[in-house]
1. Could you grab the pairs with beta carbons closer than 8 Å, sequence gap of 6+ or different chains, first residue in the stretch 255-267 and within 16 Å of residue 223 (Cα to Cα) and among the hydroxyl-bearing types (Ser, Thr, Tyr), second one part of a loop (DSSP other than H, G, I, E, B) and open to solvent by less than 50 Å² (accessible area, probe 1.4 Å)?
2. Hey, does the stretch 243-260 have a residue that's open to solvent by 10 Å² or more (accessible area, probe 1.4 Å), in a helix (DSSP H, G or I) and under 30 Å from residue 92 (Cα atoms)?
3. Could you list all residues from the stretch 165-201 that are farther than 30 Å from residue 310 by Cα and of a type in the set (Val, Ile, Thr)?
4. Can you find a residue that is over 15 Å from the mean Cα position of the chain (by Cα), among the β-branched types (Val, Ile, Thr) and within 26 Å of residue 180 (Cα to Cα) anywhere in the stretch 127-140?
5. Regarding the stretch 318-340, can at least one residue be identified that is open to solvent by less than 30 Å² (accessible area, probe 1.4 Å), over 24 Å from residue 95 (Cβ atoms), under 24 Å from the mean Cα position of the chain (by Cα) and of a type outside the set (Lys, Arg)?
6. Do you know which of the residues in the stretch 142-172 that are open to solvent by 10 Å² or more (accessible area, probe 1.4 Å) and of a type in the set (Val, Ile, Thr) is farthest from residue 221 (Cα to Cα)?
7. Across the stretch 173-225, which residue is least open to solvent (accessible area, probe 1.4 Å) among those that are farther than 19 Å from residue 252 by Cα and among the basic types (Lys, Arg)?
8. Condition first: in a loop (DSSP other than H, G, I, E, B) and surrounded by 20 or more Cβ atoms within 10 Å (Cβ to Cβ). Now tell me which residues in the stretch 10-32 satisfy that.
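The values are calculated or read from the model by the stated rules, or taken from the named source; none is laboratory data. Owing to the predicted nature of the structure, the values given are computational and were not obtained by experimental measurement. Note that we place each Cβ from the backbone using ideal geometry, even for glycine, and neighbour counts take in every protein chain shown. Side chains included, ligands, DNA and RNA excluded: accessible areas come from the protein's heavy atoms. Shrake-Rupley method; radii C 1.70, N 1.55, O 1.52, S 1.80 Å.
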Amino acid sequence: MAYLGKHNFSHRQADKLGVLVTNLGTPDAPDAPALRRYLREFLSDPRVVEIPRLIWLVILHGIILRVRPKRSAEAYASVWREDGSPLLVNTRAQCQALRERLQARYGEQVVVDFAMRYGNPAISSVVDGMLDAGVRRLIVLPLYPQYSGSTTASTFDALAKDFTQRRWLPHLHFIGNYHDEPAYISALAESVRAHWEEHGRADLLLLSYHGVPRRYLDQGDPYHCQCHATTRLLAQALDLPEGSYRTTFQSRFGKAEWLKPYTDATLKSLPGEGIKSVQVVCPGFAADCLETLEEIAVENRDYFLGSGGERFEYIPALNAREAHIGALEALVVRHLDTWPQTAGDNSEREQRYHALKGKEESR
């Protein structure tokens, strides 16, 4: 990190616009040591686990980090790719596609990069490189369509912590959510229609979102409401009749009540209701990752088929689909266009600086 007294800075450097795309994070490898490092960072975040710190740290270090890394490593190994974890690979592809679109529009004055809230590439190191490149206006886009304190706000926490160590802070636009953006809803609808065209429709379209503890909702977190708003808008875009779709929440952890209905419990119960075929889409996941490729497409598929279901299909996340990148571009452009265009260089600023240095040295 470039601390207050250290920065690769030139007074002549051209000012640039920056777009930082972020996502949750990923271990560096599908093995227990890497998972232990990743889970330690992730589960130590008070935004993620909101229980008394001393109690939680005893549980985390005394139990969870002794047991869970090996089990999680096995799950990651089942979806790991030659070029890295699915989340890393997909987020990198999204960033590259967005960079190409924005640089075609604005030229080289736009710097586009990506970082992970937990793990690598870390937010601090990526911001370091962007500021060294001359970024003075920065848009941060967390790839969480629906806002939650445990995801979106945690990303802001990491950014704010980084900024405490910097002398020259960039102008900042932080995009808190885009759950009801028309282009995002349209991209979701297009992906579902494309799946239907290839595979036909099922009895039910299940929209599964990542869960959070119920008390977050009670304490004012808007995540639950934004998930249901996304569902409502997607159902309208697809002209779905009532009863042909449902909203559920996955990935609960621990014994506390989380947002309901639960995805796994719902899938186990559907065959008993006469629903023999189901298609699952996860609108809260901008990129495919462990929670979609293993938890939904494998684990929850087994729950449904093992309970008497006959046909289960997972509709992939938007990833780097053209419509999705177009939606992200439109979102970013709306923020970028509120700022004036940056100057080509800062030669005048450099001249003043060297003139001042010359006077000081001549004394």
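1. 262/211
2. Filtering the stretch 243-260 for residues open to solvent by 10 Å² or more (accessible area, probe 1.4 Å) gives 243-247, 251-258, 260.
With the extra rule that they be in a helix (DSSP H, G or I), the set shrinks to none.
Within the stretch 243-260 (the criterion being open to solvent by 10 Å² or more (accessible area, probe 1.4 Å), in a helix (DSSP H, G or I) and under 30 Å from residue 92 (Cα atoms)), the answer is no, since none of the residues qualifies.
3. Scanning the stretch 165-201 gives a single hit, 175.
4. no
5. no
6. 164
7. In this case the residue turns out to be 193.
8. If the condition is that a residue be in a loop (DSSP other than H, G, I, E, B) and surrounded by 20 or more Cβ atoms within 10 Å (Cβ to Cβ), then 27, 30 are the ones that fit.
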